[in-house]
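The values are calculated or read from the model by the stated rules, or taken from the named source; none is laboratory data. These figures come from a predicted structure and were not determined experimentally. Here the Cβ positions follow ideal geometry from the backbone for every residue, glycine too, while neighbour counts run over all protein chains shown.
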Amino acid sequence: MRDDTPLEGEVVDRHASQEESSAPSPTPDTTMAMVIYALYLASFVVGFTSLIGVIIAYVYRGKGPHWLEEHYRYQIRTFWMGLLYGSIATLLTLVLIGFPMLLALAVWFIVRCVKGFKGLQEKRAPSNVDSWLL
């Protein structure tokens, strides 16, 4: 057990250690993650904005705490799964079952974006990031 007295010849900067312990940890910037969710939702009006959103998600991946990283991963997975589901539903419109599937895809996409927004506001990772559903 050591008391805080420096040993002979030891240099201690007590002022710096007090600043580090009293400084609050910076809150991560969630702006870009929110922008990506907004771009995803805007893709219902302007079709290509989800592509811009996934590119931004790839760029910002790896630049934040774990819970924010999970959001970027969730956004990337949402884009690629939505593209897969949309392709399948579009092919199935030839047999008319694709139309209700496209409607279900739109609901799925909106729910994932809303869950993501809510998670960002609560500063936590989205639930079920690896899920193919909601």
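Within region 102-118, restricting attention to residues that are closer than 12 Å to LEU133 by Cα and out of contact with any Phe, Trp or Tyr (no Cβ under 9 Å at 6 or more places or on another chain), the residue that is surrounded by the most Cβ atoms within 10 Å (Cβ to Cβ) is VAL111.
Looking at region 42-51, is at least one residue surrounded by 12 or more Cβ atoms within 10 Å (Cβ to Cβ) and β-branched (Val, Ile, Thr)? Yes, the conditions are met somewhere in region 42-51. Applying the condition of being surrounded by 12 or more Cβ atoms within 10 Å (Cβ to Cβ) and of a type in the set (Val, Ile, Thr) to region 54-87 and asking which residue is farthest from ALA125 (Cα to Cα) yields ILE55. Looking only at residues in region 1-26 that are among the aliphatic types (A, V, I, L, M) and not in a helix (DSSP H, G or I), the one that is modelled with the lowest pLDDT is ALA23.
Among the conditions (1) outside any helix (DSSP H, G or I); (2) among the small types (Gly, Ala, Ser); (3) surrounded by 14 or more Cβ atoms within 10 Å (Cβ to Cβ), the only one that ALA33 does not satisfy is (1). Can you tell me which residue in region 27-77 is modelled with the lowest pLDDT, limited to those that are under 21 Å from VAL111 (Cβ atoms) and among the polar types (S, T, N, Q)? For region 27-77, the residue satisfying everything is THR30. If the condition is being out of contact with any Leu (no Cβ under 6 Å at 6 or more places or on another chain) and of a type in the set (Val, Ile, Thr), then region 99-134 contributes VAL107, ILE110, VAL114, VAL129.
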